[in-house]
Amino acid sequence: AKKSDNLNSIEMYDEVLHPAVKTRATLETDLAFALQGQQLLLYFQVQVDETHQPIGAEVLLRWQHPALGMIPPDQFIPIAEESGEIVPIGQWVLQQACEQLRHWASAPLTRSLMLSVNVSAVQFNQPDFVQMVTDTVLQSGCDPRLLRLELTESLIVRNVDEIIGKIQALKALGMTFSLDDFGTGQSSLSVLKRLPLDELKIDKSFIKDILHNTYDTFIVETIIKMAKNLGQTVIAEGVEMQPQKTLLQTMGCHRFQGYLFSKPLPLEQFESSLQTEMAMLQPGNEIAVGVA
Ligand code: C2E
Ligand code: MG
Ligand code: MG
Ligand code: MG
């Protein structure tokens, strides 16, 4: 189309912008029905100690859209945060996680596994957040000590005392807190050190080049030292290669999550991979863990 041709340029403009705008609007509308339509599901990604022993899992949300297929969380969580839909969705995730913990409590293989649940800043900042989490945990009958909430630095735009109060109220129930994607946010260390966090989760962007980029190596080493001085444990996310794990371990990091161990898996696959892993770690135990 010629630039001077007004009609055509409107059409072109429409053609170029329309799909993206429509997709976002469609996603926002569809998201409002995703929960009741049972289109949301949880994947589980194992977290391990230095001996590759599973210590828990992170719960990761997936949306099985009836027409568009599987939509990754990076594409719909921001929309859910804007629309407010993240509040009921986040509550559902927590409920499911608590029920899973309750269920796992009856089997020796799974009873001490922890679950880490991502909490959006929008969700955390709801005035009834502490009450909602308390009710959900108590109603499920799970052990709150096995529940870890992952927060991000994006939370810290408001009153820090209020944030600390909420964290402490929930810690009093026994649950623990992790700071996700650590190192990517804007918050100052003087604010971060005031938060009563149990764990720092080093963002995968630092782990990616840790073997070759000396800045990343140095940053990770510093984060690990700082966490130790603050009495926090450290977990590295995005560990894909054995040499990354080895280096992290020599730096004092003892918890790991990443494709080296497993991708996020649907529940059934997660549970069967646990059995395989445990059988490999304890060769005498095949029968006890139910491996044929
Ligand atoms: P996150 O909490 O930082 O989760 C880790 C992300 O890294 C996950 O992406 C996981 O699949 C991915 N990952 C794990 N190991 C590796 C690895 O070795 N290599 C690479 N390249 N990636 C790895 P996922 O599942 O797509 O989730 C993306 C983000 O969506 C999460 O980042 C979290 O911020 C958000 N999210 C997921 N589920 C929930 C939820 O239930 N509620 C909220 N509010 N946010 C969620
Ligand atoms: Mg996370
Ligand atoms: Mg993360
Ligand atoms: Mg993230």
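Numbers at a glance
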item	result
Separation of the A32 and D128 label points, Cα + 7 Å toward Cβ, nm	2.0
Nitroxide proxy distance, nm - points 7 Å out along Cα→Cβ at K193 and L260	3.0
Within the accessible area of the chain (1.4 Å probe), percent carbon and sulfur	55
Ordering of 162-173, 39-50 by burial proxy (mean other Cβ atoms within 10 Å per residue, highest first)	39-50, 162-173
Nearest-ten-degree value, helix 86-104 long axis tilted from longest Cα axis of the chain	30
Space enclosed by the convex hull of the alpha-carbon atoms of segment 108-234, per residue, Å³	118
Globularity ratio of segment 183-287, using Cα Rg and 2.2 N^0.38 Å	1.25
Listed pairs K208/K228; K171/K208; K204/K225 exceeding 29 Å between Cα atoms	K171/K208
For segment 26-92, accessible area per residue (1.4 Å probe, heavy atoms of protein chains only), Å²	45
Point-to-point label distance, Q168-Q53, nm (Cα→Cβ direction, 7 Å offset)	3.4
Computed helical MRE - 222 nm, the chain, DSSP H runs ≥ 4 contributing -39500 (n - 2.57), nearest 500	-14500 deg cm²/dmol
Degrees, to the nearest 10: 160-171 long Cα axis against longest axis of the chain	50
Rg to Rh quotient for the chain, alpha carbon positions, Kirkwood Rh	1.02
With Cα atoms, 0 to 90° folded angle of helix 267-281 axis to the chain main axis	30
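The values are calculated or read from the model by the stated rules, or taken from the named source; none is laboratory data. Please read these numbers as outputs of a predicted model, since none were measured by experiment. When we count neighbours, we look across all protein chains shown, and the Cβ atoms used for this are built from the backbone with ideal geometry, even at glycine. SASA here: full protein model, heavy atoms, side chains in, ligands and nucleic acids out. Shrake-Rupley method; radii C 1.70, N 1.55, O 1.52, S 1.80 Å.
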